[in-house]
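Novice: Attaching a single structure in structure tokens format; questions to follow.
The values are calculated or read from the model by the stated rules, or taken from the named source; none is laboratory data. Since this is a predicted model, take the numbers as computed values, not measurements. Neighbour counts run over all protein chains shown; Cβ positions are idealised from the backbone, glycine included.
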Amino acid sequence: MKFDLAVTVREKSGKGAARQLRRNGKVPGVLYGQGECLLLTIEPEPLTKILKSQAGSTALITLTVNGAKASPKRTALLRDFQVDPVEGHVLHADLFEISMDKPIRVKVPVHVIGGTPAGVKEGGILHYNTRELHVECLPGALPDHIEVDASPLVIGQGVHLKEIAKLQGVRYLDDPDQMVVSVAVPMLSPCPFFSSTVTPAGCFAVAFGCAAPNAKKEAAITSAANEI
């Protein structure tokens with residue numbers, strides 16, 4: 001996803017200058033990369049729009065840098081930002097300038113598609129083993145997100161990185177055997193020997209005619225149940 005953002009070069013640095021900018025309704029920022037570091041003044045509305053987009057940190061931002069000595073047109077990624085924990089205002093933003101003909105390394109969010117997994121319908125729990133994947137590609141090939149179809153997964157199954165469809169021009173940098181999403185056994189399971197939902201250890205106890213009145217005994221029963 002692509003965005004346009006107009007920024008202005010500022011000369012004053014330090015906490016005092018940053019506070020003054022915020023009092024004036026602006027966001028202090030910095031543009032790094034390509035052998036240059038520029039202090040910026042940013043309008044909050046377009047910056048907030050980028051942050052709220054689904055692309056987020058993978059958005060390609062075309063910058064118009066007012067007051068720049070070199071080219072006013074730049075391409076950048078939003079590298080980092082800070083938000084006021086109470087009011088939710090953006091306090092600071094770091095932008096990283098990139099070249100469209102040079103590969104970049106970026107973390108891309110994972111999106112699960114395909115509806116509710118089969119194992120979740122059976123009572124399992126969907127786990128995001130990782131919410132981002134590290135990729136290398138040219139900026140023009142950078143995906144907004146990476147889709148993972150978890151719909152056929154039953155309890156105990158998962159999707160490894162090597163099982164995800166490859167995207168043209170994109171190279172995954174993480175371990176191919178890394179689990180991306182999985183469907184796990186629920187902490188509480190319906191017990192076939194009891195009318196309510198109990199722990200696996202409790203169900204084991206009912207099935208074999210023993211009680212689990214305390215944590216130590218339940219732990220022992222769980223260990224025994226796992227060996228069957």
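Novice: Which of the strands (runs of 3 or more DSSP E) contained wholly in the range 116-182 include at least 1 residues that are closer than 27 Å to S99 by Cα and touching a residue at least 12 places away in the same chain (Cβ under 8 Å)?
Specialist: Per the criteria, 132-137, 146-149.
Novice: Next up: Among the residues of the range 54-85, count how many are among the β-branched types (V, I, T), farther than 21 Å from L138 by Cβ and either surrounded by fewer than 17 Cβ atoms within 10 Å (Cβ to Cβ) or touching a Gly at 6+ places or on another chain (Cβ under 8 Å) (or both).
Specialist: 2
Novice: If you take the residues in the range 3-19 that are surrounded by 10 or more Cβ atoms within 10 Å (Cβ to Cβ) and charged (D, E, K, R), which one is modelled with the lowest pLDDT?
Specialist: So the residue we want is K12.
Novice: Does D177 fit the bill of being at pLDDT 95 or above and within 30 Å of E132 (Cβ to Cβ)?
Specialist: It is true that D177 is at pLDDT 95 or above and within 30 Å of E132 (Cβ to Cβ).
Novice: While we're here: Do the conditions hold for H145, that is, is it crowded, with 16+ Cβ neighbours inside 10 Å and assigned by TED's automatic domain parsing to the domain that holds A18?
Specialist: Criteria not met by H145.
Novice: Another one. Give the number of residues within the range 104-125 that are of a type outside the set (S, T, N, Q) and surrounded by fewer than 16 Cβ atoms within 10 Å (Cβ to Cβ).
Specialist: Within the range 104-125, residues that are of a type outside the set (S, T, N, Q) and surrounded by fewer than 16 Cβ atoms within 10 Å (Cβ to Cβ) number 10.
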